[in-house]
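This report refers to the structure that appears directly beneath it.
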Amino acid sequence: MEKILAKWENHAASSTVLRFWDINLRSIGQVMFQNNPLSGILFLAAIAWGSYAAGVPQVAIAGVLAVVVANLTAQWLHVDTESLHSGLYGFNGILVGLALATFLSPGALLWVYVVLGAAISVVVMLATTNVVKPWGGALTFPFVLTTWLFLLATYGFSGLTGTALPSGNVVTAFQPYQASPLQLVDLVKGVLLSISQVFLKANGIAALLLLAGLAVSSPAAAAFAVGGSILAVLTAHLFGAESELISGGLLGFSPILTAVALGTVFYQPSWRVVVYTALATLFTVITQSALNVALTPFAIPALTSPFVLVTWMFLLPRQCLLPAVAREIEKPVAGA
């Protein structure tokens, strides 16, 4: 695998066109923190299959268009080369494209919206990165903010309609759902669809392709994704969440991102980190449910905002999770 990637990198370094597609593939992989073009190919296959199976091929097309536009915008803005080549300016763009095409009705203006949203996501990414350095990175906040604003704006535009948006109403009296017994088939379905919902898909085959994309790059990331998904489904069921939300993966995709981020990206694996990540994953389920309710009056989805909020929160006390040597390195210098 390493030899194949090394050959690919050599070819990409000698070809401007190949380098650009390498950047786009890495951008797709970076949605789940994988700086690997092969992960990007498998993730793209998952997006394509999930969109085709759902009868909405325009969603996959919108995602590809968005990631290309985002990376072209990043190049135009002369962002730093290393981050660009790692795909860090395109992953929010592809999510914006997928989300807009998922929630809004097809039409000429949708494609204008996708292009604008992808370009704006890069600007928001640059701005957010400068503001949240202590939090460990912008994560998918640019995707969340950009998509929220674009979706909310549709209520003031007659040319765009959100046929797949949640119905807006003011939350008054909330009646808890009666949870049905959790069957093994529902557990498996919930786990798989939680994984595929990271890319706004509800498809088991797409989930397997995503897991394969994680495994070829980081077996640990694949393990944390599965573990996070299982924990999310069990937690949601324990607290009596709506069964359709659980089995549809709609309470599990943000917890999966939290698990992969904290368990494999920002902290070095250890038993303390595993427990800490599990705690954050559990809290992401609660945060997801809370934001689902809080955003109901606005008739917009929570997207990955629970993941962003919880991950930032659990990154701030990172000194407690770092090895002693690393803590010494990160101590502030007197007078700094």
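Here is the figure for region 25-43: residues that are within 17 Å of residue 118 (Cα to Cα) and not basic (Lys, Arg) total 6. One residue stands out among those in region 132-176 that are among the aromatic types (Phe, Trp, Tyr) and modelled with pLDDT under 75: the one that is nearest to the chain's Cα centre (by Cα), which is 135.
Residue by residue, here is whether (1) among the charged types (D, E, K, R); (2) outside the structural domain of residue 305 (by TED's automatic domain parsing); (3) touching a residue at least 60 places away in the same chain (Cβ under 8 Å); (4) out of contact with any Leu (no Cβ under 7 Å at 6 or more places or on another chain) holds:
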position: 66; (1), (2), (3), (4): no, yes, no, yes
position: 83; (1), (2), (3), (4): no, yes, no, yes
position: 110; (1), (2), (3), (4): no, yes, no, no
position: 139; (1), (2), (3), (4): no, yes, yes, yes
position: 146; (1), (2), (3), (4): no, yes, no, yes
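Would you check if residue 289 is at pLDDT 95 or above and either surrounded by 21 or more Cβ atoms within 10 Å (Cβ to Cβ) or in a loop (DSSP other than H, G, I, E, B) (or both)?
Values: at pLDDT 95 or above: yes; either surrounded by 21 or more Cβ atoms within 10 Å (Cβ to Cβ) or in a loop (DSSP other than H, G, I, E, B) (or both): no.
It is false that residue 289 is at pLDDT 95 or above and either surrounded by 21 or more Cβ atoms within 10 Å (Cβ to Cβ) or in a loop (DSSP other than H, G, I, E, B) (or both).
Taking (1) surrounded by 15 or more Cβ atoms within 10 Å (Cβ to Cβ); (2) of a type in the set (Gly, Ala, Ser); (3) in contact (Cβ under 8 Å) with a residue 40 or more places away in the chain in turn, residue 105 satisfies each apart from (1). Pairs linking a residue in region 42-54 that is closer than 13 Å to residue 64 by Cβ and assigned by TED's automatic domain parsing to the domain that holds residue 98 to a residue that is in a helix (DSSP H, G or I) and of a type in the set (Ser, Thr, Tyr), with Cβ atoms under 6 Å and 6 or more positions apart or on different chains, do not occur.
Of 223, 290, 259, 207, all but one fail to be outside the structural domain of residue 28 (by TED's automatic domain parsing), within 25 Å of residue 182 (Cβ to Cβ) and touching a Leu at 6+ places or on another chain (Cβ under 6 Å); the exception is 207.
The values are calculated or read from the model by the stated rules, or taken from the named source; none is laboratory data. Note that the structure is a prediction, hence the values are computed from the model and not measured. In this analysis, Cβ positions are derived from the backbone assuming ideal geometry, glycine residues included, and neighbour counts consider all displayed protein chains.
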